[in-house]
Structure formats: C-alpha cells, structure tokens
Amino acid sequence: MSAALAGPLERIRSTFSTISLGQKVVIGLLGLGLVLGGFFFYRWITAPTYAPLFSNLASTDASAIVDELNAAGVSYELADGGGTIMVPNEQVYDLRLSMSGKGLPAGNDTGYALLDEQGITTSEFQQQVTYQRALQDELSATLESLEGVRTAVVHVALPEEEVFASDEAEPTASVLLDLAPGTSLDSGQVQAVTNLVSSSIEGMDPDQVTVADATGAVLSAPGQGVTTAAGDARSQLEQDYEERLAANAEAVLSPILGPGRATVSVRADVDLDQRSTTSETHTYEEGTPPISESTTTEEYTGNGAAVGGILGPENQADAGAGAGDSTYDKESTTANNAVGTTVETVEGAPGRVNRLTVSVVMDEAVAGNLNQAQIQQLVGNAVGLDVARGDDITVAAMPFDTTAADAAADALAAAEEAEKQAQMWSLIKTGGIALGIALLVLVVWLRSRRRQDDDEDEDYQALELADDVLAELDRIRIESTRGVPVVDEAARELEAAERARVRGEIAAMVSEKPDEVAAMLRGWLSESGVK
C-alpha cells in the first residue's frame, strides 16, 4: 500500500475504533440506505424506455420472436396477454429489420390470400368455404380499422346457388365487435358497420346484418337497425338543439342572477320528415295572339218544298208541312292560345321546429324583486320564441335547495385543507429526517474529534524519553520563551558538545516517531501560551 493512502486509512481506522457500537450501527444503516437509494436511482435513470416491436401477434409468432430475442440477449416485455412484444425504444427499428430478415412474424394467411393456396384437385365445396373464410377475414380487417374497435369477428351465411329454385334465400351476416375500454359506437357508426358489410356481399340488404359488442349488447338487429338509428339521430338532434337554446337563455340570466341561480329547460318538437312538393300553374294574358287558329263555315239554301215532311198520325206524312224555302248557315272557329305554365318543386329539409316550450326557474333569494315579465321577454328572445307558432314559456321564482352544493363545497375545501396539511407534514417530516441525519453526523464527528484528541494526549503521556533528552528539550523550551543568554564561554562550549549529542538523539527520535514528538511539542506550546 502506498504511503499516500496509509495515513488516511490509518486515521479512518483509528476514528472508527473510537466510536461506540450503537454509533457504528447507525452509521452502517445510513451507509446502507445511501447505497440502496443510489442503486435504485441509478436503475431508474438507466432503465430503458420500451416501445412495441410487434402487436397482435399469433402465439406461434410471439414464441419464435421471444426465442430470437433471448438468443440475442435483448431485454423485452410482454403486453396484451402476450400479443404485443415491447423492446427498448432505441432498438425497435434494428430488431424489426432483423426479425423480418428471419421471416418473422410468419403470420397466418388470411383474407383473399387463402385463395392462392387452392390446387387443381380442390372441390367446389372447398372453394366455397375458402371464399367465405377469405371474405370474413377481409371484413374483419376492414372493421378493425375503425377507431375504437380492437377486434372484429364477422360470420357470413351465403345461400347455395340453385338453378331451378324460384325462391332463393338472402345472405345474412353477424358482426361481433370488441371495443376499447371507455369506447361506445353511436348510431351513425353502427349504421356504417352494417353498410360496409352489406355492400361487400352481393345481394345482401343492410337489414340482414346483426351487430353486437363484446358485452352482448345488440347494436343492430335485422329489421331494426335503420329504424333504431333514425330514432337515435332524431333524439340526438332534438337534444343538441334543446341544450343550445337552454345555454343561450342561461347566458342571459347568469350576469343578472349569478352563476347557478337559474335553471332553464327547453323542450323542442322538431320535424325531421323530408317532404317534396310539386305544383303546376297555368296563366293567360289578354291580347296575346293565338298560336294557331282555324275557321269552318257551312251554308245551305233550298228552292221548293223540303223532301219528306212531318209525320202525322199513324206515321202518315203531312204533305203540307215541308213546303217553303230552306236556309242553313254554320260557322265555327278554333284558336290555340299561348298559355304560360309554371312547375315548382319544393324540397322540405328536415329540422323544422313545430313548437317550443320553455321553463325558467330562478332562485327566490336573488330573484324576488325582479320583473318576471322582463325576464320572460329576455328568455323568449334568447331562444327565439314564436307565440304565433304555439310556443309557450313559464317563469317562476322558488327557493333553491343548496344543501348538496354546500356539502360539495365544504368537502372540496376540506380536501384542499387536508392536502395542504399533508404537504406541510411531508415537508416537516423530510426536514426532520434531514436535520436528524445532520445532527447525527455532527455528533459522530465531534465525538471522533474528541476521542482523537484524547488519543493524542495519551500518546504524549506515554512517550518515554531519557533524562538528558528531557533536560535538553526543557532548556530549549525555556530559551525559546525567555531568551536567557549564556555568559560562561567554557561552560557554553561543554554544553554545546552535550547539546550536539542530545540533538542527534532528538533528530533520530523525530525521524522514527514524528507523530509523538509533534504531539508533545503542541502540548508544550499550549502550556506556554504560544499560538
């Protein structure tokens, strides 16, 4: 061991030997705590950030990839029940390339890739079943791309084609969706699922698609999917419209009464039926020349009696009845006048409001002196009230029950106060622990210093010197403090020779025991008052 390390190690060993057993235990526990804390902090700092290497893996692919990672010594984590493999973020792309070069993940042929495996000996039944499987896999992959859908299972029932059958069955389908936690599909999304499935299969009607989620709830059933979706859309539209009108009214009342001092409820009867009206109108203006006109004239003039006569009794002709001249004139005119024709087609968009009913309740504590007629007019203008349409509004002032609100406010205040106290006690606890550790270190250091001084004093007392050496050292000490000169030259020469001998012994002793000599000199200097 080098001389540079021998001194510090010796001092540490001597200091550690002076403290008591309890102090050694406390120091050991503190050192162990520091080592463990440093270890866990280092592990936390150096822990890698994991990212998905592959997701939605089959069990065979996951097992093969894990074997490759173990062989390469790469750390990994499994998630989603073993379907996702997580690796350090900085190694994701390198590992993907490496696994792809080894043909992983191999995967199972799905979708229309199944049709590539058919051979020349494949029967018609096998072809039909393979086509049905491929169609189901393609539809499942399509539905899984929707937001919120984790997995989708599609079953299709395709009827057999028969040549001489008069009534052929219709194809049907069922869809099972596994949604992400906290996700739900609205009516529009359910309708999209039914349309995607029905449009992908020839001859399938959207009403023949059944959609359910993983909890067993039926989202769409045959004969009810479109109707239910339309009802949901109607309810959602009415609810959005009512909430918007109520928010407009409360925005007017809040600056007057204060937040939470008024409640507005709006009921809207919205007509969502779509209508188409066609009307045809014909008009004619006087003085407009006709498009075409034709005139027919007939004229007849006879001389003598008319042929025949008036029949008499018993069908006998009266000879004198047809005597005289005959004249016949006839004229007719036909004109095709220009008539204007107007055809008007009106498409009625859904969303017309049939009637509004508005109810306003104000807190009596702040609305007792307000003019309710003015409040009614303000709210009516805010929601677009139309009395001629049959709309109605009711305004009332009643005492509000604020028990729940007060209890919630008190609970919130108590929670905030408890959080503040917890933070304060946490700071006090942390400060107390730090102060205790600092005091403990200070006490240990002071006691080690005191024990070191006692050891130095003991070493000084234990130092044994010859009488002549002590006399010489005492004389040197006296001369250094008082400075008494020597007058006798002969005696000074004898004393010089003796001092030379003693000084040689002192020099040898200093070289052999420097620590003991230094301690003794410090003791003399302290006794003499020299600093």
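The values are calculated or read from the model by the stated rules, or taken from the named source; none is laboratory data. These numbers were taken from a predicted model, which means no experiment stands behind them. A quick note on method: Cβ atoms are made from the backbone with ideal geometry, for glycine too, and the neighbour counts reach across all protein chains shown. Accessible surface is based on the protein model in full, side chains and every heavy atom, while ligands, DNA and RNA are left aside. Shrake-Rupley method; radii C 1.70, N 1.55, O 1.52, S 1.80 Å.
Numbers at a glance
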| read-out | value |
| --- | --- |
| Residues (basic (Lys, Arg) and exposed (fewer than 13 other Cβ atoms within 10 Å of the Cβ)) located in the stretch 260-278 | 275 |
| Out of 89, 56, sole residue that is modelled with pLDDT under 80, within 31 Å of the chain's Cα centre (by Cα) and polar (S, T, N, Q) | 56 |
| Some residue of the stretch 384-396 being crowded, with 16+ Cβ neighbours inside 10 Å, aliphatic (A, V, I, L, M) and at pLDDT below 85 | no |
| The stretch 423-465 - residue that is in a loop (DSSP other than H, G, I, E, B) and surrounded by 10 or more Cβ atoms within 10 Å (Cβ to Cβ) and, of those, modelled with the highest pLDDT | 465 |
| Residues (small (Gly, Ala, Ser), surrounded by fewer than 17 Cβ atoms within 10 Å (Cβ to Cβ) and under 21 Å from residue 144 (Cβ atoms)) located in the stretch 55-108 | 55, 58, 59, 79, 81, 82, 83, 106, 107 |
| Residue in the stretch 359-371 that is open to solvent by 100 Å² or more (accessible area, probe 1.4 Å) and either outside any strand (DSSP E or B) or among the aromatic types (Phe, Trp, Tyr) (or both) present | yes |
| Within the stretch 187-209, considering residues that are of a type in the set (Asp, Glu) and touching a helix residue (DSSP H, G or I) at 6+ places or on another chain (Cβ under 7 Å), the one farthest from residue 237 (Cα to Cα) | 205 |
| Filter pass, residue 401 being open to solvent by 80 Å² or more (accessible area, probe 1.4 Å) and farther than 16 Å from residue 248 by Cα | yes |
| Matching strands (runs of 3 or more DSSP E) fully within the stretch 155-259 where at least 1 residues are open to solvent by 50 Å² or more (accessible area, probe 1.4 Å) and modelled with pLDDT of 90 or more | 172-179 |
| Subset tally (residues that are in contact (Cβ under 8 Å) with a residue 60 or more places away in the chain and of a type outside the set (A, V, I, L, M, F, W, C)) for the stretch 244-274 | 11 |
| Whichever residue in the stretch 282-302 is polar (S, T, N, Q) and open to solvent by less than 70 Å² (accessible area, probe 1.4 Å) and, among such residues, is nearest to the chain's Cα centre (by Cα) | 288 |
| Neighbours by Cβ (under 7 Å, 6+ apart or cross-chain): first from the stretch 370-395, in contact (Cβ under 8 Å) with a residue 12 or more places away in the chain; second open to solvent by less than 70 Å² (accessible area, probe 1.4 Å) and of a type in the set (D, E, K, R) | 385/391 |
| Selected residue [in contact (Cβ under 8 Å) with a residue 24 or more places away in the chain and within 27 Å of residue 442 (Cα to Cα)] from 30, 53 | 30 |
